[in-house]
Amino acid sequence: MNGTEYKKFAIIGNPVGHSLSPAMHNAALAALDIPGEYLAIQTEDLAATLRELHDKKFCGASVTIPFKTAIIDLLDQVEPMARQIGAVNTLCFQKDEEGKVRCIGDNTDWLGAVRALEEQTELAGKQALVLGAGGAGRAVAFGLARAGAQVLLSNRGEEKGRLLAAQLNCPFVPAAKLDQVRAEILVNTTSVGMAPLEEDLPIAARLLPRFSFVMDIVYAPLNTLLLREAAACGCATIDGLRMLLHQGAAQFTLWTGQAAPLELMSAALQAALRQREAERALMPRI
Ligand code: ATR
């Protein structure tokens, strides 16, 4: 593949109409003068869409809800971290030595969370409480552990939470015992705080002053109730767009071999989010 070849990328999921990724990646391609485009592809038939990406010579793709786990069985290769997390959010189409294109699955969500936090604090040796054990929780918890943090895991559903804690070899903290936790970092990976739960907190507000850094991976709304309460307690806060940005930047580098234009991608994400919120405000409420 030479530098001027038109490069096609996509996000595949269902739904993908409101995804902010096309704005972020198209801004990056334009900024680096890479001829190409990043499309949003909504599909009900994952295998057929994957074949289509192969046939149409796509270079890479993002994978989102509900396919991050289901896609694993359809790939030629899955990178170890994605295998461990149990989710693929990135596809790279690469030629092998015989010229055959292979589809490789990777995960950059964990890296997005780690880099978003590392902009504010070192992680090695720090205690980090992760709330949630869903797909996002798994990526964040494995990422923080890999970055050297001592992870504590809590989840509403105890069975799922204990299973992930066992895989990470870290303590599980039931909701009723959260007031016993002492940690510098708190990360919310649950959907609490996201519309329509925007009036809810994933942890009692009275526990927030004990954390120095509070990250929420929710970005709709951007300034969640958790982040507002945490800021009022004097914690440094990191919003969900920062993780989205860094996981996208890591994808961009995997696909192009180039450093991602981070702040430009961040501006594109913020503009797309503002536009999405304005469109939502105009929609009739029933
Ligand atoms: P994702 O892939 O975005 O992580 P998910 O796999 O559906 O989504 O996981 C959602 C997470 O939010 C889970 O940890 C879930 O807790 P359960 O495992 O107990 O379901 C958590 N969650 C969702 N709604 C919640 C609520 N009202 N209170 C507490 N936790 C909630």
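The values are calculated or read from the model by the stated rules, or taken from the named source; none is laboratory data. These numbers come from a predicted model, not from an experiment. No Cβ is skipped: glycine too gets one built from the backbone with ideal geometry, and neighbour counts run over all protein chains shown.
Key figures
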read-out: Filter result for the condition that a residue is more than 20 Å from the chain's Cα centre (by Cα), away from the ligand (no atom under 12 Å from the Cβ), within 24 Å of Ala116 (Cβ to Cβ) and small (Gly, Ala, Ser), over Ala176, Ala195, Ala166, Ala183; value: Ala183
read-out: Number of the condition not met by Ile34 [criteria: (1) closer than 15 Å to Phe252 by Cβ; (2) not in a loop (DSSP other than H, G, I, E, B)]; value: (2)
read-out: Only listed residue being crowded, with 19+ Cβ neighbours inside 10 Å, without any contact (Cβ under 8 Å) to a residue 60 or more places away in the chain and either within 16 Å of the ligand (Cβ to nearest atom) or closer than 21 Å to Ala166 by Cβ (or both), chosen from Gly112, Gly105, Gly134, Gly143; value: Gly143
read-out: Filter pass, Val187 being at pLDDT 95 or above and over 22 Å from Ala231 (Cβ atoms); value: no
read-out: Residue in segment 211-218 that is at pLDDT 95 or above, among the hydroxyl-bearing types (Ser, Thr, Tyr), crowded, with 17+ Cβ neighbours inside 10 Å and away from the ligand (no atom under 12 Å from the Cβ) present; value: no
read-out: Answer residue from segment 1-31, given it is of a type in the set (A, V, I, L, M) and in a loop (DSSP other than H, G, I, E, B) and is nearest to Arg274 (Cα to Cα) among those; value: Leu20
read-out: Of residues in segment 73-90 being free of Cβ contacts under 8 Å to residues at least 60 places away in the same chain and closer than 17 Å to Asn14 by Cα, the one surrounded by the fewest Cβ atoms within 10 Å (Cβ to Cβ); value: Ala87
read-out: Condition broken by Gln150, with the remaining ones in (1) out of contact with any Lys or Arg (no Cβ under 8 Å at 6 or more places or on another chain); (2) more than 12 Å from the ligand (Cβ to nearest atom); (3) farther than 23 Å from Thr224 by Cβ satisfied; value: (1)
read-out: Exclusive hit being closer than 30 Å to Ala278 by Cβ and either β-branched (Val, Ile, Thr) or out of contact with any helix residue (DSSP H, G or I) (no Cβ under 7 Å at 6 or more places or on another chain) (or both), set Ile185, Ile217; value: Ile217
